[in-house]
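What follows is a short report on a single structure.
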């Protein structure tokens, strides 16, 4: 049997705890340690999974082969680069970094060492999306809603980087053309950063996407609707369900077309488990990750442009909003 891959999880807050749980559950992985600036939380997670706690990630640079980086976004580049330069494969949570410059630094570090740099766009590993993407050939219109109730986490970034970036990545992965125009609006509500945003993207091939994201909604909602010639799909990420409607042309002269509905067959499983398994598989097979650094950079670039458009709209409208 091949030796287990020695891993660690850097940052064991809300998302990092889940990473640690999955790492500890995989037979092909040995969770060497967890790291967090909060010693009480870090030790609790370490004890839960029978591993050690370290306060400084630098202690692990020469002790592991792969890490999950689930720290605040501001630290993604510093920590990821340190591990990549030490020859360690990295799965970094989304957004990949706080700037395109930092994303490029991370990508260059991975390429120079021929290492896996995977971006944690978890919805790519949702079984419902996996079933849906096989059906999408010529998308013409997307309508996406990603709504969450307010929680005092991820407040180091705004709702575009926190939530909308998921849909930006998903839609960009399905449309085989470049974005040529973006319009966007957004406002802060409960924080000093943007809490509610809407963006409209136009692609070179004529496809249009309308995306709404909120982290101050009264309910949780994660849905994507896609229209392509004679077909409509409704994806519910949370329920892992896809409803498909297809227009069947008339079968005889004078007859009316028929709309056929079906639910796509989906084998439900935890997306984070699938994501980390894919990361480990890419390391073992020495292959490119399913969602690499370039994918993370593309989503970050779109999110950055959305934010720029929101700020420009605010200035034109004389709203006097402070997004910093």
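Between residue 43 and residue 200, the modelled labels are 5.6 nm apart [label points 7 Å from Cα along Cα→Cβ].
For the chain, what does -39500 (n - 2.57) per DSSP helix run (n ≥ 4), summed and divided by total residues, give at 222 nm, in deg cm²/dmol to the nearest 500? Before the final figure, lay out the partial values.
Values: 8 runs with 103 residues, N = 324.
Result for the chain, helices only: -10000 deg cm²/dmol.
Calculated on the alpha-carbon coordinates, the convex hull of the stretch 1-99 measures out at 87 cubic angstrom per residue. Geometric descriptor of the stretch 181-222, per residue, is 67 Å³ (volume of the convex hull of the Cα atoms). May I ask for the distance between the Cα centers of the stretch 244-294 and the stretch 126-200, given as a whole number of Å? One Cα centre to the other: 18 Å.
Taking R0 as 41 Å, what's the FRET efficiency between residue 26 and residue 135 from their Cβ-Cβ distance, rounded to 0.05? Before the final figure, lay out the partial values.
Numbers: r = 31 Å, r/R0 = 0.75.
FRET efficiency, residue 26 to residue 135: 0.85.
How far apart, in nanometres, would the label points at residue 78 and residue 151 be if each is projected 7 angstrom from Cα along the Cα-to-Cβ direction? Label at residue 78, label at residue 151, 2.5 nm between them.
Once you have the Cα-Cα distance between residue 99 and residue 294, take 0.36 nm times their residue separation minus that, and quote the gain in nm to one decimal.
Details: separation 195, 0.36 × 195 = 70.20 nm, distance 1.33 nm.
The residue 99-residue 294 span can extend by a further 68.9 nm.
Using the alpha-carbon positions of the stretch 191-255, Rg (one decimal) and Dmax (whole number) come out as 17.2, 62 Å.
With contacts taken as Cα pairs under 8 Å at a separation of at least 6 residues, the chain carries a relative contact order of 18 percent. Packing, taken as the mean count of other beta carbons within 10 Å per residue, orders the peptides 246-255, 47-56, 84-93 from highest to lowest as 84-93, 47-56, 246-255.
As an exercise, use a Förster radius of 51 Å and the Cβ-Cβ distance of residue 55 and residue 258 to find the FRET efficiency, rounded to the nearest 0.05. The value I calculate is 0.20. Enclosing the Cα atoms of the stretch 90-240 in their convex hull gives a volume equal to 131 cubic angstrom per residue. Ranked from largest, the principal axis spans of the Cα set of the stretch 215-324 equal 61, 52, 29 Å.
A Förster radius of 35 Å, combined with the Cβ-Cβ distance separating residue 189 from residue 230, puts the computed FRET efficiency at roughly 0.30.
Take each peptide in 138-151, 272-285, count the other Cβ atoms within 10 Å of every residue, and average; sorted highest first, the result is 272-285, 138-151.
With the contact rule set at Cα under 8 Å and sequence spacing of 6 or more, what percent relative contact order holds for the stretch 201-254? Numbers along the way, then the final one.
Details: 45 pairs, mean separation 10.8, N = 54.
In percent, rounded to a whole number, it is 20.
Here the Kirkwood formula, the inverse mean of 1/r across different C-alpha pairs, assigns the stretch 87-136 a hydrodynamic radius of 12.4 Å. Given in Å, the Rg to one decimal and the Dmax to the nearest whole number for the Cα atoms of the stretch 1-53 are 10.5, 36.
Using the alpha carbon gyration tensor of the chain, what are the three equivalent-ellipsoid semi-axes (square root of 5 times each eigenvalue), largest first, in whole Å? Before the final figure, lay out the partial values.
Numbers: eigenvalues 250, 125, 65 Å².
Each semi-axis is √(5λ); the values are 35, 25, 18 Å.
All of the numbers you see were taken from the coordinates with simple rules; none came from a lab. Since the structure is predicted, the reported quantities are computational estimates derived from the model, not experimental observations. Because the Cβ atoms are built from the backbone with ideal geometry, glycine has one as well, and the counts that use them run over all protein chains shown.
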